[in-house]
Amino acid sequence: MVYAFFQYFFRLIFYVIFRTRVFGRENIPKEGAVILAANHASNADPPLMASLIDRPVSYMAKIELFENPIFGGIIRRCHAFPVKRGASDRSAIKTAVQVLKEGRILGLFPEGTRSKTGDLQKPEAGVALLAAMTGAPVVPVAILNSHRIFAYGGKFPALRIMYGRPISFQGDRKSKDALDGFSDEVMARIAEMREELKQIS
């Protein structure tokens, strides 16, 4: 109930205020485990990526957000779970794996942190590692213009988002080169889709 309310609330905001256009929703599998992997430039990215599709999305969220009992309770009911930043959080990884084993959708940001300029950054290993551990397909997601939200000259920019075709990890999960190669492939797909969105816009 809480998730459905906020899904409708954010959809309304993104469609009406930010004139959001969405592409490629048909690429998201209708059932089974899926990792959504998007570029990250704004705090608006998680609700943007999740609210515009029908299936619920679970997210890792920094543990500090759960310190407020009211806000923490709300995001927990919206399928978020805590992660300690700056260290390998085995509990968060275990929860992420469980989400995927249960056949649900996990939303992740390969870059690990927001880009203030909107430019893509080098990916970390998280998406590739979870894809390798669980066999879940990765749907690359390109987000355009979210870095301009409330920025000078772009308080309410027109947002664009594209969900790409699923790709799967095929290499040796113990190979750093294979994991790094898959991470780079995911980011390359995101970069390609962002260029497509620029042409559409």
Per the C-alpha gyration tensor (a ≥ b ≥ c, the square roots of its eigenvalues), the range 1-41 is rounded if a/c is under 1.5, else prolate if a/b beats b/c, else oblate; here it's oblate
Normalised per residue, the volume inside the convex hull of the alpha-carbon atoms of the range 2-200 in Å³ amounts to 120 Å³
Exposed chymotrypsin sites (Phe, Trp or Tyr not before Pro) absent: longest stretch of the chain, with sites in DSSP loops and at most 14 other Cβ within 10 Å deemed exposed | 1-149
Mind listing which GluC sites (Glu not before Pro) in the range 1-87 are in a DSSP loop and have 15 or fewer other Cβ atoms within 10 Å?
-> GLU31, GLU67
Using a simple charge model, +1 on the beta-carbon of Lys and Arg, -1 on the beta-carbon of Asp and Glu, nothing else, what dipole does the chain show about its Cα centre, in debye to the nearest 20?
-> 480 debye
Taking a quarter of the surface of the Cα convex hull of the range 85-164, what do you get in nm²?
-> 6.4 nm²
Under 21 Å from the Cα of LYS101, which lysines turn up, not counting those fewer than eight places away in the same chain?
-> LYS30, LYS174
Kindly provide the GluC sites (Glu not before Pro) of the range 79-126 that DSSP labels as loop, not H, G, I, E or B, and whose Cβ sees at most 16 other Cβ atoms within 10 Å.
-> GLU102, GLU124
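So which trypsin sites (Lys or Arg not before Pro) in the range 25-120 are both in a DSSP loop and have at most 11 other Cβ atoms within 10 Å of their Cβ? Spell out each step's value before the answer.
Values: sites: ARG25, LYS30, LYS62, ARG76, ARG77, LYS84, ARG85, ARG90, LYS94, LYS101, ARG104, ARG114, LYS116; in loops: LYS30, LYS84, ARG85, ARG104, ARG114, LYS116.
Counting only loop positions with at most 11 other Cβ atoms within 10 Å, the trypsin sites (Lys or Arg not before Pro) in the range 25-120 are LYS30, LYS116.
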Determine ³J(HN,Hα), in whole Hz, for all residues of the range 156-172 in sequence, where each value follows from phi through the Karplus function 6.51 cos²θ - 1.76 cosθ + 1.60 and θ = phi - 60°; x replaces Gly and Pro.
-> 10, x, 6, 8, 9, 9, 9, 9, x, 5, x, 10, 10, 6, 10, x, 8
So how far, in whole Å, is the C-alpha centre of the range 8-36 from the one of the range 156-201?
-> 17 Å
Which of the lysines could be linked to LYS155 by a straight reach, that is with a Cα gap under 21 Å, when you skip same-chain ones fewer than 8 residues away?
-> LYS116, LYS198
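Throughout, read-outs are computed from the coordinates displayed, never taken from laboratory work. Since the structure is predicted, the reported quantities are computational estimates derived from the model, not experimental observations. Glycine gets a Cβ as well: all are built from the backbone with ideal geometry, and neighbour counts include every protein chain shown.
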